[in-house]
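Undergrad: I am attaching a structure below and will ask some questions about it afterwards.
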Number of protein chains: 2
Amino acid sequence: MSLKLAVLALLDVEPGSGYALLQRFRNSVGFFWQTTHQQLYKELHGLLENGLVDCLDVAQDGKPDKKVYTLNAAGATELDTLLAGVASPSKIRDPLLLKLFSGRRLPREALLAELATHREQHKRTLATYRLLHEQMQAMPPGKRERYHFPGQTLRLGIMYEETWLKWCEEVAGEI
Amino acid sequence: MSLKLAVLALLDVEPGSGYALLQRFRNSVGFFWQTTHQQLYKELHGLLENGLVDCLDVAQDGKPDKKVYTLNAAGATELDTLLAGVASPSKIRDPLLLKLFSGRRLPREALLAELATHREQHKRTLATYRLLHEQMQAMPPGKRERYHFPGQTLRLGIMYEETWLKWCEEVAGEI
DNA sequence: CCAGCCATGTAAATCGTTACATGATTGC
DNA sequence: GCAATCATGTAACGATTTACATGGCTGG
């Protein structure tokens, strides 16, 4: 149900083609809900079948044709219904911890190498989030207001990455 | 592949029936990898078919019969192979953030109520983790050593829950 | 007597990943 | 020429969730 919610939420902001939606996905809701183009196109087909979105074929020259999807009234109602439902708190689901659980079976260098890789990844992601956060801070008040709620999610992202980063460093020092 | 890794890791510690493994699952690897009894039983069938575990029927009186699974040499090799593979860093995947992204469509009280629910959940989980951590600290050094790596995963769990808790409180104050 | 623990499974549905597939245009 | 961007899809497989199913024993 969450992918549906994510797509409706994106269409609520602005109509777009599957391709365009995927770009926007990656730079917004994608930070806390991932998908692929295959899944997204399938979801859009489903939404269209259920009459929650309208679809318009748009011919372009120099580029392939595209299908622009728009949220309609039924879709907006569905979005509100989904938003009204409860979201269960997410739990950690991470293969690295699974490996660490059996860490005594692995050579220390292998573990350290993997921790280093993860540390770098989290560092990069953190840098991305911080950049976005700065850009948001730099917006004029009127525009910044529109990003109030997305901004809260970004803040969690920053705290989340900081936590992982700190942990990677601490564990590397302890094993 | 991760469920397989989790089950092999548990069997590496100690043999057990599907039912017993599920109990242990919930109190160890279940903190960072969730499963259901259906999935676990299916996985055990698969491991047996592939000759990675041995199975012994054990009749009990007053209780249903059970099947005790033991990791064999092939299983241990497979475990090491899986451990040697890379684990990709996990990303956030949380429906609450998805809802918050479209927070402007929801009444403030609904959001606050949901945040409060999540705060309580994270508080409870944190308390559980801290209790386990204390129990580990109280162990005699010889025993505590055996929990060195699982203890590192527990520490992430504590940091993770603290982060969410802090975020829930901050966001509740800002919306 | 009812709830909960012990112990195992089948089946269906949904969701998610990976592989395969096409084809024009733009910039280096 | 080659890679990247734009734009859309099918198919197979694997993972996960939810529902259905059984049945004895124990404690309040």
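Quick note: the coordinates plus some simple rules give every number you see, no bench work behind them. No experiment lies behind these values; they were computed from the predicted model shown. Heads up, the Cβs are rebuilt from the backbone with ideal geometry, glycines too, and the neighbour counts pull from every protein chain shown.
Undergrad: Could you go through the stretch A:93-100 in sequence order and give the Karplus-derived ³J(HN,Hα) for each residue, using 6.51 cos²θ - 1.76 cosθ + 1.60 with θ = phi - 60°, rounded to whole Hz, and x for Gly and Pro?
TA: 9, 9, x, 4, 5, 4, 5, 5
Undergrad: Please compute the modelled spin-label separation between B:E14 and A:R146, points set 7 Å along Cα→Cβ, answer in nm with one decimal.
TA: Taking the simple label geometry, A:R146 and B:E14 are separated by 5.9 nm.
Undergrad: Any chance you could give the angle, 0 to 90 degrees and rounded to 10, that helix A:37-49 forms with the longest Cα principal axis of chain A?
TA: With both axes taken from Cα atoms, the answer is about 30 degrees.
Undergrad: Moving on to the next point. Using a label point 7 angstrom from Cα along Cα-to-C-beta, what distances in nm, from shortest up, separate B:D57 from the other copies?
TA: So the distances to the same position in the other copies read 6.3 nm.
Undergrad: Can you show me the helix-derived [θ] at 222 nm for the protein assembly as shown, built from DSSP H runs with n ≥ 4 at -39,500 (n - 2.57) apiece and divided by the number of residues, rounded to the nearest 500.
TA: -21500 deg cm²/dmol
Undergrad: With each pseudo-label sitting 7 Å past Cα toward Cβ, what's the B:Q39-B:R104 distance in nm, one decimal?
TA: Once both label points are built, they end up 3.7 nm from each other.
Undergrad: Determine the dipole magnitude for the stretch A:56-139: charges of +1 sit on the beta-carbon of Lys and Arg, -1 on that of Asp and Glu, nothing else is charged, the reference point is the Cα centre, and the result goes in debye to the nearest 20.
TA: Once rounded to the nearest 20, the dipole reads 700 debye.
Undergrad: Also, quick follow-up: For the charge dipole of the stretch A:95-174, defined by +1 on Lys and Arg C-beta atoms and -1 on Asp and Glu C-beta atoms about the Cα centroid, which residue among A:G142, A:L115, A:L132 has the Cα displaced farthest towards the positive pole?
TA: So the residue furthest toward the plus end is A:G142.
Undergrad: How many percent of all Cα-Cα pairs in the protein assembly as shown sit more than 28 Å apart?
TA: Across the protein assembly as shown, Cα pairs with separations above 28 Å total 54 percent.
Undergrad: With θ set to phi - 60° and the Karplus curve 6.51 cos²θ - 1.76 cosθ + 1.60, what are the ³J(HN,Hα) couplings of the stretch B:78-92 in order, to the nearest whole Hz, using x for Gly and Pro?
TA: 4, 4, 5, 5, 5, 5, 6, x, 7, 10, 7, x, 7, 10, 5
Undergrad: Once both axes come from the Cα atoms, what is the angle between helix A:148-174 and the longest principal axis of chain A, in degrees from 0 to 90, rounded to 10?
TA: Orientation of helix A:148-174: about 20 degrees from the principal axis.
Undergrad: Follow-up. In the structure shown, do any of A:K99/B:K91; A:K91/B:K99; A:K99/B:K42; A:K91/B:K67 have a Cα-Cα gap over 28 Å, and if so which?
TA: In this structure, A:K91/B:K67 lie more than 28 Å apart at Cα.
Undergrad: When each pair of different Cα atoms in chain A is counted once in the 1/r mean, what is the Kirkwood radius in angstroms, to one decimal?
TA: 19.0
Undergrad: Could you work out the mean count of beta carbons from other protein chains within 10 Å of each residue's beta carbon in A:162-169?
TA: 4
Undergrad: Could you tell me which residue in chain B puts its beta carbon nearest the axis mapping B onto A, with the distance rounded to whole Å?
TA: B:T163, 2
Undergrad: Enter the angle in degrees (range 0 to 90, nearest 10) between the Cα long axis of helix B:2-13 and the first principal axis of the Cα atoms of chain B, meaning the one along which they spread out most.
TA: 60
Undergrad: Working out 0.36 nm times the residue gap between A:D80 and A:L48, then minus their Cα-Cα distance, what length gain in nm do you get to one decimal?
TA: Net length gain for the segment: 9.8 nm.
Undergrad: What list of ³J(HN,Hα) values in whole Hz, one per residue of the stretch B:59-68 in order, does the Karplus curve 6.51 cos²θ - 1.76 cosθ + 1.60 (θ = phi - 60°) give from phi, with Gly and Pro shown as x?
TA: Using θ = phi - 60°, the values come out as 7, 10, 10, x, 9, x, 4, 9, 10, 9 Hz.
Undergrad: For the residue pair B:Q23 and B:T70, what label-to-label distance in nm results when each label sits 7 Å from Cα along the Cα-to-beta-carbon direction?
TA: 2.0
Undergrad: Nothing charged except the Cβ atoms of Lys and Arg (+1) and of Asp and Glu (-1): what's the magnitude of the dipole of the stretch A:1-92 about its Cα centre? Round to the nearest 20 debye.
TA: Charge dipole of the stretch A:1-92: 420 debye, to the nearest 20.
Undergrad: List every residue whose amide H lies under 5 Å from the amide H of B:G16, counting only residues 5 or more places away in sequence or on a different chain, with H placed 1.01 Å from N in the peptide plane.
TA: B:Y69
Undergrad: Then there's this: With charges set only on the Cβ (+1 for Lys and Arg, -1 for Asp and Glu), what does the dipole of the stretch B:95-174 come to about its Cα centre, in debye to the nearest 20?
TA: Dipole of the stretch B:95-174, to the nearest 20 debye: 200 debye.
Undergrad: Please report A:M1, A:M139 as a ranked list, fewest other C-beta atoms within 10 angstrom at the top and most at the bottom.
TA: Ranking A:M1, A:M139 by Cβ neighbours within 10 Å, fewest first, gives A:M1, A:M139.
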